Structures are given as structure tokens and as C-alpha cells.
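Here is the structure we will look at.
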Amino acid sequence: MLELNAITIRQGDFALSADLNISPGHIVAVLGPSGAGKSTLLAAIAGFTPVETGHIQWQGTDLTGLPPAQRPISILFQDNNLFPHLDARSNVALGLEPSLRLSAKQWTQVDTALERVGLTGLGRRKPAALSGGQNARIALARALLRARPVMLLDEPFGALGPGLKAEMLTLVADLARETGASVLMVSHDPADAQAIADEVIWVDGGIAHSPHNTDEIFSLPPQALSAYMGT
């Protein structure tokens, strides 16, 4: 279980608090208005933003003071965080070894990850020679290869068209359920949550609220969420 125990994140005049748990294997959408702190919440969990108070734990282990590389977490950013001078295969391989000195077995794992996300035969192409959707798949393959039990998605598919975004969300859900990973997914679109999320965290007014069942929260949304959706 991922536990955020009475954490407070402070950046200048902005503060965000959270006291909640994420069950293993759950896909959780993080929704809220712009500037509410959705990406800040993910950055704190990943270790890129320090917490002022409280603790972040995974399966009873305190992660609060650990650097990002030592946390059991993968994160996909909005820009996919790919290296333009490296081909798709090498970008994925970074998930295993930053030096790119991989064994034959590890390169086979890279190729298997590319195949799993639908990029068979495209491993030698650089990001500029691939579409936005294909680059998103590279980032997803790298996260898959890292095999971390927690995956954070900071709107990596936000720039994709509706059809391609839906395809990528379905792929994320399939991979998460195959691996048993817990997924936290930031989105501005409630439809993303309704498509694949088991639960929803609503972020507003300086608070990341505890997860609620997706069907339940949309059938009887709190006033702030209802206003956000324009209903």
C-alpha cells in the first residue's frame, strides 16, 4: 500500500496537504482545476519535491528521505522525457542501465518491452522520426521495463488526439493489471478517469482528498467536482 501520512508540501505561498492511501494494483485518477497541485502531489511521491511534514510509505517502508532513483516508482512526464540523440531502443534501455551497457539478455528484455507496446521493428528510429503516440509508447515501454510497483502518469498523453489517447489509456490499464502496479494518473479530463480508473482523488483548495470509487464519485459528485465538469 502507498501511504501519504499527513504530508504537507509547500512551495512559496502554495501549500498542499494529503492524508490518504492507495491500494496495490489500483488505478487512481488525480483530478482538479489547474494550479490545484496535482502535478505537485506526484512530484512529492516521486521524490522530486520535498514534503515539509508527514511521511510517504510503500508497504511499510518510509520513502520520505529517499532520492527518486531509490524509490519503487516510475513516472511518465508530459514531454515523455526522451533523449533525441538516442534511438527508441536506447531510450527504453535507460530504464535498466543509464550507461547503456546491457547484457544480451537485457537487450532481449528491451525488445520485448517495445513489442509489448506495439513498437516492433521501430527500435532503431529516433524520437524525431516517430509520431507523438509512438514516443509516448517509448516512455511507457521504459517504465514497463523498470518494473516498479508504482507508476505515476503526469498527463503524458495530454497532447494526443482523443482516439490515440484512449488507446494509450487502455494500454496503461492492461499493463497495470498484468503487472499489479499501482497507478496514479493526473488528468484534466474526467473522461480519462471514467475510462480506466478504479478510484479518483479530487485535488482542490489545498487538499488532496482521499480516493473515492470512480462510479460513485461521478454518480454523486461533490459540488466542486460538479462545477468543474460544468454540470
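The values are calculated or read from the model by the stated rules, or taken from the named source; none is laboratory data. Just so it is clear, the structure is predicted and the values come from calculations on it, not from any experiment. Don't worry about glycine lacking a Cβ; one is built from the backbone with ideal geometry, like all the others, and counts go over all protein chains shown. For the accessible areas, the whole protein counts, side chains as well, though only heavy atoms, and no ligand, DNA or RNA atoms are used. Shrake-Rupley method; radii C 1.70, N 1.55, O 1.52, S 1.80 Å.
Taking only the range 110-120 into account, find how many residues are part of a loop (DSSP other than H, G, I, E, B) and open to solvent by less than 40 Å² (accessible area, probe 1.4 Å).
Total meeting the criteria: 2.
If I filter the range 7-36 down to residues being in a loop (DSSP other than H, G, I, E, B) and on the phi < 0 side of the Ramachandran plot, which single residue comes out as most open to solvent (accessible area, probe 1.4 Å)?
Result: 13.
Can you tell me which residue is surrounded by the most Cβ atoms within 10 Å (Cβ to Cβ) among those in the range 198-230 that are of a type in the set (D, E, K, R) and more than 17 Å from residue 1 (Cα to Cα)?
Looking at residues that are of a type in the set (D, E, K, R) and more than 17 Å from residue 1 (Cα to Cα), I get 204.
Which residue, of 148, 125, 142, 101, is open to solvent by 30 Å² or more (accessible area, probe 1.4 Å), touching a Pro at 6+ places or on another chain (Cβ under 7 Å) and either at pLDDT 90 or above or of a type in the set (Ser, Thr, Tyr) (or both)?
Going through 148, 125, 142, 101 in turn, the sole match is 148.
Counting only residues that are more than 27 Å from residue 134 (Cα to Cα) and part of a strand (DSSP E or B), which one in the range 37-76 is most open to solvent (accessible area, probe 1.4 Å)?
Selected residue: 55.
Sort out which residues of the range 151-169 are surrounded by fewer than 23 Cβ atoms within 10 Å (Cβ to Cβ) and either touching a residue at least 40 places away in the same chain (Cβ under 8 Å) or of a type in the set (Val, Ile, Thr) (or both), and write them in order of number.
Selection gives 154, 155, 158, 159.
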